[in-house]
Each structure stands twice: as C-alpha cells, then as structure tokens.
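Engineer: Below are the structure tokens for one structure; questions will follow.
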Amino acid sequence: MSHYIVLVKQVPDVTKITDNAFDPETGNLMRGTLPTVINELDAQALAFADRMRSLDPNPGQMIALTMGPPMAEEVLRYCLARVADQAILLTDRILGGADTWATANPLAFAIRKIARDRMQNPEDEDYFIIAGMQSVDGDTAQVPAQIAEELEMPIVAYATDVARENNRFHFTRIISGGSQVVACKKLPAVVTVAKYEHTLFTTFAKMRRANHAELITWNADDIQASAVGVKGSKTRVIRVFPPPKTSRKCREIKDVQEFAQVIIDSYKNNGENAITKTSNQPEYILPAKRNSLLDRRFEGTIKENEAYKYLVEMLQKHDIQDPAKVTQPIKEDILAKAGKKVTVHALEAMLQGLHAVEPMYQGDVWVVAEHEQKQINPATYELIGKARDLADSLETQVGVVLVGKNVEPMAQSLIQSGADNVYLFEHDLLEEFDPKAYRKAVAEVIKTYQPQIVLYAATPQGRVLAPMVSYRLNCGLTADCTSLQIHDNSRKGEIAFLLQTRPALGGNVMASICTKDSRIQMATARPGVMKRLDMDEKRTGKIIPVSLQLSESDICLDIIRQELGGGEVNFDADVIVSGGRGISGREDFQILTRNLSEAIRKRLDADVEIGASRAAVEQGYIERIHQVGQTGTAVKPRLYLAMAISGAIQHMIGVANSETILAINSDPHAPIFRNADYYIVGNIENIIPQLVQTLGEN
Ligand SMILES: Cc1cc2nc3c(=O)[nH]c(=O)nc-3n(C[C@H](O)[C@H](O)[C@H](O)COP(=O)(O)OP(=O)(O)OC[C@H]3O[C@@H](n4cnc5c(N)ncnc54)[C@H](O)[C@@H]3O)c2cc1C
C-alpha cells in the first residue's frame, strides 16, 4: 500500500503586489499587507498525487502537510476540501524565519513522525512525498531535494506526468534539452511537480466538512528536528528591495507598417542594447590590498556604505588615518554632526570594523560543470566567467568539478574558458545524471578540497544537485541568483563574503542574501545572466583526477527512456523568429515562421533561424532542437521576434541577452510585453501576412 504525503505552502498572492506593499523608509516588503493563497504548484502537486492514487492498485491515505503560522491551516482545508484524508499543521514560533535548510529539516522530521505514527505496518506500506517544484515566495525548490537528502530517498524532480507500468510509477520529467521517463529504484521517494494543470474541484458539502475537520497540529517538540528557525538557518537575508526597472523599451506599436520599420531600424541600430563588460578591474579589492584601512567602499548594503562614507569623511577632516587614534572629543564631534544617523553603539562598532581585514573564508572559487550529450552546458561557461571575477577579487583560483562517464575530453574547454584546475571524476555509473550518485561524487570532491565558494547553474540538474550537496555538507545555499558579488560587513568583522542576490515573490522583489554558519558558500545562478569569457586556446591549467568509491546502490533512478533534441540549428543567426503555443497548429506554425523568416532574410540580408517555446515543441509544432529557453538553448541574436509566446520566465531566461526583443501577442496583458522592446497586440494570423507584405515592399 502506498500513501501520499503532499507538502503545501501558504504564500502571499503576488498578483496583488503594488508599490504600496513596500515600506517607504526601508524599502522592505511588508508581507503582512498581502492576501494569502495556496502556492499554485502545490495545488498542482495535490492534483498530481491524486492522479497517482487513482493509478495505484492499492492506494493508501492522502496526507497534506504544511509548516507555517496558525493561519496556514487555510491551505490544509483547501486540500481536505478536495482530496486529502488528513491534514497536519506544523506550527511553532521557533520554526519561523527559517531558510530552506531549516525548513527541509523539520519537514523531514515531521515526515518521519508520520511514517512512525500513522502507518500501521511499515513492512507493507510505502509512501511518496509530493511537492510543487517551486513556490512564488522563497526558493522552496530546494526543500524537497533537501528532504530527500535528510531521509536518504530517491528524488524525481520536475515531474510533469505520471503513468503506471509493470507495477511501478513512471514519471515524465523535464530535463535540459528534452524530457525523460524515470522510475524510482526504491521507495519511499520524493517527487517534485513542475507542471500538472488539472484543476481539482470541490463541492459545497466537501468544503463544509473541510472547514469543520479537526487538523492534527504539531509543534517543534513533537518532531524533535535538529535545525529549526533562524538559528538553524544557514543563510541570512540582508535586504529585500524592489527589482530594477527593465532595460527594455516596452513600447507598443499600433501599426503593422511601423512595426516592420522598427524591425528594420532595430537591426541597423545593432549594438544599442548589447551588454558588454566595461572593465577588467576586479570588482572587489581585499582590505589588505586597499590604499588605506579607511577604504570601506565594499559594504554589503547602501546604508552601510553611506554610514562608512560619513565616518571616513569625518575622520579625514580630523586628519585621522589610523582608527586607533580616534579620541573621545573626536567621537563626540562625529556623533554631534551625524544627528540621528549614527548612534554611540554604531560608531563604536564602525570604528572597530575599520580594523577588520581578514577574509572570512579561505579556498578557491568552484563551479560544478553540467553536461549533456558530451557537450558542456553553456551555463557552466558563464559560471566560470563569474568565478574568474570572484577569484581574481579574492586572489585565489578557479576550480571546476567535472564528473561523468568519459568526460575528460571536455576538461580542456573548461580551462580555456577560465578555470585553473579541473577536478575530474569518471565512472561508468555516471553516464546519465542520477541525483544521488552525482550528489555523492560532487560532495566528496568538495569535502576533500574545501573551496570557499561553489556555484551551480540554476538548471533542472543544478537545482536538484546543489540543495542535496549543500545539505549533505551542512552549507547554506541561495538559489537562482542573478548577481553574485564579494562584499564586507566591516561592522561585524565579516570580510569578503559572497553577497547573493536573487528575485523573489515571482520577480516582484529582489533579496540579497549571505551564508551563515557554513564553511562553504553555495549558490545556483540563473543561466544567461553571468557573462562567459572568450575561449583562450593558449590558457593552461591542471586536470586533477579524483578517486572515490561508487556502486550500483548509489543509483536511485531507472531511466526508462528519454527524448532529446537531435538535428542542427543555427542559433548564432542574427535574427531568430520564434513561435509559441498560441499558434493554432503545426502547419500554421511552419507557414507563419517560414514566411516571416524569409521576408526578414530578404529585406535585411541577414541569417534567420526559427525558434520555439517549450510548449510549442511539446505540441509537436517543431523539433526539440529549436526550443529556446532555460531547458532549451539560450540565444543572443540582434533581433528576437516572439510570436504568440506568453513570456514565461523559463523562456525569457533564454532570450535575455538578445539585443532587441519584439513580440506579437493577442493578449494586451501578455507578460512578454514587460520584457520586450517593441510589441504589437493582435492575432498573428492577421499580422504576419501584413508584416511579410510590408517587409517585401521597398
Ligand atoms: C523547469 C521548466 C523548464 C522550462 N523550460 C522552458 C524553456 O526552456 N523554454 C520555454 O519556452 N519554456 C520552458 N518552460 C515552460 C514555460 O514555463 C511555459 O510553459 C512556456 O514557455 C509557454 O510557452 P508559450 O508561451 O508558447 O505558451 P503559452 O504560455 O500557452 O502562451 C501562448 C501565448 O500565445 C498567445 N496567443 C494565443 N493565440 C494567439 C494568436 N492568435 N495571436 C497572437 N497571440 C496568441 C496567448 O495570449 C499566450 O500569451 C519550462 C518550464 C519549467 C517548469
């Protein structure tokens, strides 16, 4: 008999975030002002679990579990009103303020308790833990992987469908470049759901019952977790702030003729939006290498930088170069002129901070390489570019961990793109990515060499591997970073730590985070954001073979089959014309993309390639090799034309480096318009023929 434990989370309704949701004084988001809802992907996970149960010849109970404040019971009642048999609320003040580490840990302990208390006969009973892949508020994508690590279970991440064959569940899951069908080698197991759009309806009677049902409530003592709340967390949020305004023009064009002209002009004005690195100077300088102890330009927040700027100006006015020479009258003068800006306590801490020079962390900056079909994933090269920047600032080296079967031929390209050392582990069992086996290999290498920073790509692979490795090695992890910089918090004596900035709340806010209580700082970084370096064939470095034990028992998934894009595509073309699911069928897709490509090719004398969204590929409109985006190819053409593509984050990640983005969509509120330079609202069936004709005219 199999039971189904569904993890659900109550989240703020991000559609309701307005500028008023931010504290005007601090710029912090006031979460209490927002209404709450069940996290959309957790609702989908509940439907997924229900589907599994309907396929199960011997189904057990469906148990919904949430951790949160007492009001989180609302999401449990949502589950009870649909398909859950029981609901457990894990609530305790001490659990509050937790990061993913200190969320996964108590949830795993609660799951152990469920297995202990609620399953009568553990010999004959198994269970699945099902969760949404992601939540809109924090980065809960890490939580299920970390639960799997704590409970030593297989994990199937990014599932989109399930079937039952040969007495086992077969899960279809998203992977880079395609999809895969897998089964778990053993149970219990964790499954994260990336997409399962089947609405579960309720009835009035069921809602009434759910509203009166007694919930099981546990507190921290009931579960005896080993890491809870702020104290057990391994990361700390330093600042939450509104996201920067988009650099895209977001200009609506009303007329097809004008739109055609914009295509022509944008192509000619090539270079305007190009993102280039302006300087080769390290972005950060270690205190010991600065001209003066008073140079504190690299504090982690604007507020700290300003406070130090004021202090240093005052010290210079008093002709002080050595903070030890600050006398009481000078302190009084600084305080008097600062008004409310600086307190006595803050001044003492800042003066003390001026003596801090020793970096908090030691070791190299590492990247975990990702590869498919004997090719390094482009995101790995981008991370090496970033790691190079960080390592140069920290005056240390760049290492890359490369594990897999027969992967040595790829090692040289990692060195040519900026690595000093490649730590190589090859094994026949690592032919395909298996979360547990790869976790074991990567964690062992990291443990042996102890770098200070480890970066992973925020791809379906990196986003499973990184949380498992970080949990195993007791390290903090920040997911999906869009900025990584070295900073100081001199006041606390914290020098040269990694400030990790990432979007949160569905991209409505940004959060800057640092690692705490960890020997190694870890982050996954969003593909397409960091800049890769030009390959330098003359660059030299070391390949360091690593030896460790791996056996069949380290593999947790059976790969039943996989579908990967074959064929050829020229995504280096100057113009990419992409189509989405909004096009009504394969034939229309082929005709519309071909006609527009031809017209542009002729008019601009440019190379044009056809791209597609993942949804269009899944509809069978075009072969997988044409997919653009996070799990397809990241492109950077002069012009990117998106036809009937909604602008999901996973698509936009792959086109962010395009010089000009143009969109055509019938929905005036299509999200893609917020990230396009020019757009036109209308049906492509009407617009494309007119556009083709106009481009054909002289
Ligand atoms: C882990 C993960 C990885 C992913 N990786 C990728 C990836 O690499 N690439 C990717 O693209 N997606 C990826 N996705 C999927 C992504 O989340 C979206 O589901 C997908 O991009 C949607 O594709 P779409 O915009 O074509 O379809 P939809 O979201 O269905 O949008 C169709 C659009 O067409 C418009 N439309 C409809 N009819 C017309 C018409 N007649 N004329 C004009 N406009 C019309 C609609 O208004 C709508 O905006 C990934 C998802 C996950 C979970």
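Engineer: Might you check whether a residue that is under 23 Å from the mean Cα position of the chain (by Cα), under 24 Å from Ala115 (Cα atoms) and either of a type in the set (Lys, Arg) or outside any strand (DSSP E or B) (or both) occurs anywhere in region 129-137?
Structural biologist: First, the residues of region 129-137 that are under 23 Å from the mean Cα position of the chain (by Cα): 129-137.
After this cut, where a residue has to be under 24 Å from Ala115 (Cα atoms) as well, the list is 129-133.
Remaining after also requiring either of a type in the set (Lys, Arg) or outside any strand (DSSP E or B) (or both): 133.
Taking every residue of region 129-137 in turn, at least one turns out to be under 23 Å from the mean Cα position of the chain (by Cα), under 24 Å from Ala115 (Cα atoms) and either of a type in the set (Lys, Arg) or outside any strand (DSSP E or B) (or both).
Engineer: If you don't mind, another one. In this structure, does Thr199 turn out to be modelled with pLDDT under 95, out of contact with any strand residue (DSSP E or B) (no Cβ under 7 Å at 6 or more places or on another chain) and open to solvent by 40 Å² or more (accessible area, probe 1.4 Å)?
Structural biologist: Details: modelled with pLDDT under 95: yes; out of contact with any strand residue (DSSP E or B) (no Cβ under 7 Å at 6 or more places or on another chain): yes; open to solvent by 40 Å² or more (accessible area, probe 1.4 Å): yes.
So Thr199 fits the description; yes.
Engineer: Taking the criterion of being over 30 Å from Thr694 (Cα atoms) and open to solvent by 80 Å² or more (accessible area, probe 1.4 Å), would at least one residue in region 571-590 satisfy it?
Structural biologist: Within region 571-590, none of the residues are over 30 Å from Thr694 (Cα atoms) and open to solvent by 80 Å² or more (accessible area, probe 1.4 Å).
Engineer: Could you pull out every one of the helices (runs of 4 or more DSSP H) wholly within region 600-698 that has 1 or more residues that are closer than 22 Å to Glu197 by Cβ and within 9 Å of the ligand (Cβ to nearest atom)?
Structural biologist: Answer list for region 600-698: 614-618, 649-652.
Engineer: Among the residues of region 373-381, are any closer than 27 Å to Val240 by Cα and modelled with pLDDT of 90 or more?
Structural biologist: Residues of region 373-381 that are closer than 27 Å to Val240 by Cα, as a first pass: 379.
The next check asks that each one be modelled with pLDDT of 90 or more; those that pass are 379.
Looking for residues that are closer than 27 Å to Val240 by Cα and modelled with pLDDT of 90 or more, one finds at least one in region 373-381, hence yes.
Engineer: With Asn421, Asn377 as the choices, which residue is among the polar types (S, T, N, Q), closer than 28 Å to Gln549 by Cβ and touching a Lys or Arg at 6+ places or on another chain (Cβ under 8 Å)? Even if it seems obvious, please write down each step before you answer.
Structural biologist: Details: Asn377 fails: touching a Lys or Arg at 6+ places or on another chain (Cβ under 8 Å).
Just one listed residue meets the conditions, Asn421.
Engineer: If you don't mind, another one. Could we say that Ser613 is of a type in the set (Ser, Thr, Tyr) and over 28 Å from the mean Cα position of the chain (by Cα) here? Even if it seems obvious, please write down each step before you answer.
Structural biologist: On the way: of a type in the set (Ser, Thr, Tyr): yes; over 28 Å from the mean Cα position of the chain (by Cα): no.
No, not satisfied.
Engineer: State whether the residues of region 341-361 include one that is without any contact (Cβ under 8 Å) to a residue 24 or more places away in the chain and basic (Lys, Arg).
Structural biologist: Checking region 341-361: not a single residue is without any contact (Cβ under 8 Å) to a residue 24 or more places away in the chain and basic (Lys, Arg).
Engineer: Is it fair to say Gln180 is under 28 Å from the mean Cα position of the chain (by Cα) and at pLDDT 95 or above?
Structural biologist: yes
Engineer: Here's something else I'd like to know. Evaluate region 481-503: report whether one residue or more is under 20 Å from the mean Cα position of the chain (by Cα) and under 19 Å from Tyr438 (Cβ atoms).
Structural biologist: no
Engineer: Which residues, counting only those in region 372-423, are touching a His at 6+ places or on another chain (Cβ under 9 Å) and over 24 Å from Gln450 (Cβ atoms)?
Structural biologist: Correct list: Asn377, Lys405, Met410.
Engineer: A further question follows. Polar (S, T, N, Q) and in contact with a Lys or Arg (Cβ under 9 Å, 6 or more places away or on another chain): does that describe Thr246?
Structural biologist: Details: polar (S, T, N, Q): yes; in contact with a Lys or Arg (Cβ under 9 Å, 6 or more places away or on another chain): yes.
Against the criterion (polar (S, T, N, Q) and in contact with a Lys or Arg (Cβ under 9 Å, 6 or more places away or on another chain)), Thr246 qualifies.
Engineer: Follow-up question, since we're still on this one. Which of (1) over 30 Å from Ser666 (Cα atoms); (2) in contact with a strand residue (DSSP E or B) (Cβ under 6 Å, 6 or more places away or on another chain); (3) of a type outside the set (Lys, Arg) does Val575 not meet, given it meets every other one?
Structural biologist: Only one criterion in (1) over 30 Å from Ser666 (Cα atoms); (2) in contact with a strand residue (DSSP E or B) (Cβ under 6 Å, 6 or more places away or on another chain); (3) of a type outside the set (Lys, Arg) is unmet by Val575, namely (1).
Engineer: Sticking with this one: Mind listing just one residue for me: the one in region 159-196 that is charged (D, E, K, R) and either within 16 Å of the ligand (Cβ to nearest atom) or closer than 15 Å to Pro435 by Cα (or both) and, of those, surrounded by the most Cβ atoms within 10 Å (Cβ to Cβ)?
Structural biologist: Arg173
Engineer: Now a separate question. Take the conditions touching a residue at least 40 places away in the same chain (Cβ under 8 Å) and closer than 22 Å to Asp99 by Cβ and apply them to Val136. Does it pass? Talk me through it step by step, then tell me what you get.
Structural biologist: Values: touching a residue at least 40 places away in the same chain (Cβ under 8 Å): yes; closer than 22 Å to Asp99 by Cβ: yes.
Yes; evaluated as a whole, the condition is true for this residue.
Engineer: What are the residues in region 113-150 that are open to solvent by 40 Å² or more (accessible area, probe 1.4 Å) and basic (Lys, Arg), if any?
Structural biologist: Arg116, Arg118
Engineer: For the condition crowded, with 22+ Cβ neighbours inside 10 Å and out of contact with any helix residue (DSSP H, G or I) (no Cβ under 8 Å at 6 or more places or on another chain), what is the one hit in Ser658, Ser613?
Structural biologist: None of the other options fit; the residue is Ser658.
Engineer: Only residues in region 666-683 that are hydroxyl-bearing (Ser, Thr, Tyr) count as the first member; pair them with residues that are near the ligand (Cβ under 10 Å from one of its atoms) and in a helix (DSSP H, G or I), Cβ under 8 angstrom, at least 6 apart or cross-chain, and list the lot.
Structural biologist: Hits for this filter: Ser666/Ile684; Tyr679/Ile672; Tyr679/Phe673.
Engineer: Are any residues in region 552-592 touching a Gly at 6+ places or on another chain (Cβ under 9 Å), part of a loop (DSSP other than H, G, I, E, B) and hydrophobic (A, V, I, L, M, F, W, C), and if so, which ones?
Structural biologist: Val569, Phe571
Engineer: What single numbered condition from (1) surrounded by 19 or more Cβ atoms within 10 Å (Cβ to Cβ); (2) in a strand (DSSP E or B); (3) at negative phi fails to hold for Pro503?
Structural biologist: Here Pro503 meets the rest and fails (1).
Engineer: How many residues, within region 620-639, are open to solvent by less than 10 Å² (accessible area, probe 1.4 Å) and closer than 13 Å to Ser179 by Cα?
Structural biologist: 1
Engineer: What are the residues in region 512-544 that are surrounded by fewer than 23 Cβ atoms within 10 Å (Cβ to Cβ) and either touching a Pro at 6+ places or on another chain (Cβ under 6 Å) or in a strand (DSSP E or B) (or both), if any?
Structural biologist: Ser512, Cys514, Lys542, Ile543, Ile544
Engineer: Additional query: Report, by residue number, each residue of region 162-216 that is in contact with a His (Cβ under 6 Å, 6 or more places away or on another chain) and either polar (S, T, N, Q) or free of Cβ contacts under 8 Å to residues at least 60 places away in the same chain (or both).
Structural biologist: None - no residue of region 162-216 is in contact with a His (Cβ under 6 Å, 6 or more places away or on another chain) and either polar (S, T, N, Q) or free of Cβ contacts under 8 Å to residues at least 60 places away in the same chain (or both), so the list stays empty.
Engineer: Is it the case, given these coordinates, that Ala479 is of a type in the set (Gly, Ala, Ser) and more than 30 Å from Thr301 (Cα to Cα)?
Structural biologist: So Ala479 does not fit the description; no.
Engineer: Condition check: free of Cβ contacts under 8 Å to residues at least 60 places away in the same chain and over 24 Å from Ile495 (Cβ atoms). Does Val398 satisfy that?
Structural biologist: In short, no.
Engineer: Filter region 356-392 down to the residues that are in a loop (DSSP other than H, G, I, E, B) and in contact with a Leu (Cβ under 7 Å, 6 or more places away or on another chain), then identify the one that is surrounded by the fewest Cβ atoms within 10 Å (Cβ to Cβ).
Structural biologist: This residue is Gln373.
The values are calculated or read from the model by the stated rules, or taken from the named source; none is laboratory data. Predicted, not measured: the structure shown is a model, and the values here were computed from it. Cβ sites come from the backbone with ideal geometry, for glycine too, and all protein chains shown count toward neighbours. Just the protein is used for accessible areas: all its heavy atoms, side chains included, with ligands, DNA and RNA removed. Shrake-Rupley method; radii C 1.70, N 1.55, O 1.52, S 1.80 Å.
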